[in-house]
1. Residues in the stretch 54-69: is at least one free of Cβ contacts under 8 Å to residues at least 24 places away in the same chain and either basic (Lys, Arg) or in a helix (DSSP H, G or I) (or both)?
2. Listed residues Arg72, Arg77; which is open to solvent by 40 Å² or more (accessible area, probe 1.4 Å), assigned to a helix (DSSP H, G or I) and among the basic types (Lys, Arg)?
3. Taking the stretch 118-139, which residues are open to solvent by 20 Å² or more (accessible area, probe 1.4 Å), modelled with pLDDT under 95 and either closer than 15 Å to His54 by Cα or among the hydrophobic types (A, V, I, L, M, F, W, C) (or both)?
4. Out of the residues in the stretch 24-52 that are touching a helix residue (DSSP H, G or I) at 6+ places or on another chain (Cβ under 7 Å) and open to solvent by 40 Å² or more (accessible area, probe 1.4 Å), state the one that is farthest from Phe107 (Cα to Cα).
5. In this structure, is Thr110 modelled with pLDDT of 95 or more, open to solvent by less than 60 Å² (accessible area, probe 1.4 Å), over 21 Å from Arg6 (Cβ atoms) and β-branched (Val, Ile, Thr)?
Amino acid sequence: MIETRRATAQDQRQIWRMIAAARLDPTSMKWQHFLLAMDMDSGALIGCAQIKRHRDCNEFGSLAVLPSHRKRGVGGRLLRELLQDECGPVYLVCLERMRPYYERFGFRVTPLSESPRTLKIKQILPRLVGVRVVCMRFD
């Protein structure tokens, strides 16, 4: 059985490890913004995600699920639960190949010219080294 809960200060180290293992963007990591997925049988952290609060936008990010628990709806559950509390647009920057995944939840591609300034930087740097990323928006 899997349950979700808000992170506490005691979860910070585990969150950082999970994000590092998944090789995700380690910037703006604040445990206060994280929602966690817990395996209630073992008590183990199996997934996490957050909404990053920037000056010019809110960004969904840091979605990580342990490989042993992927393709079971854990990531989707975290995403849906975080989005249900948002009252404005939420953006994300992801690899181009992840686009269909996020489109299933209602995200739509946002052109670079229409992206918030904070997220333009996140898109330009990877593109300079040939990594294909897209900015997406959920309303």
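1. The answer is yes; a qualifying residue exists.
2. Result: Arg77 is the single residue among Arg72, Arg77 that is open to solvent by 40 Å² or more (accessible area, probe 1.4 Å), assigned to a helix (DSSP H, G or I) and among the basic types (Lys, Arg).
3. If the condition is that a residue be open to solvent by 20 Å² or more (accessible area, probe 1.4 Å), modelled with pLDDT under 95 and either closer than 15 Å to His54 by Cα or among the hydrophobic types (A, V, I, L, M, F, W, C) (or both), then Thr118, Lys120, Ile121, Lys122, Ile124, Leu125, Leu128, Val129, Val131 are the ones that fit.
4. That would be Trp31.
5. Judged against the criteria, Thr110 is a match.
The values are calculated or read from the model by the stated rules, or taken from the named source; none is laboratory data. Everything quoted here is computed from the prediction, not taken from an experiment. As a convention, Cβ positions derive from the backbone with ideal geometry for all residues, glycine included, and neighbour counts pool all protein chains shown. We work out accessible area using only protein heavy atoms, side chains counted, and drop any ligands, DNA or RNA first. Shrake-Rupley method; radii C 1.70, N 1.55, O 1.52, S 1.80 Å.
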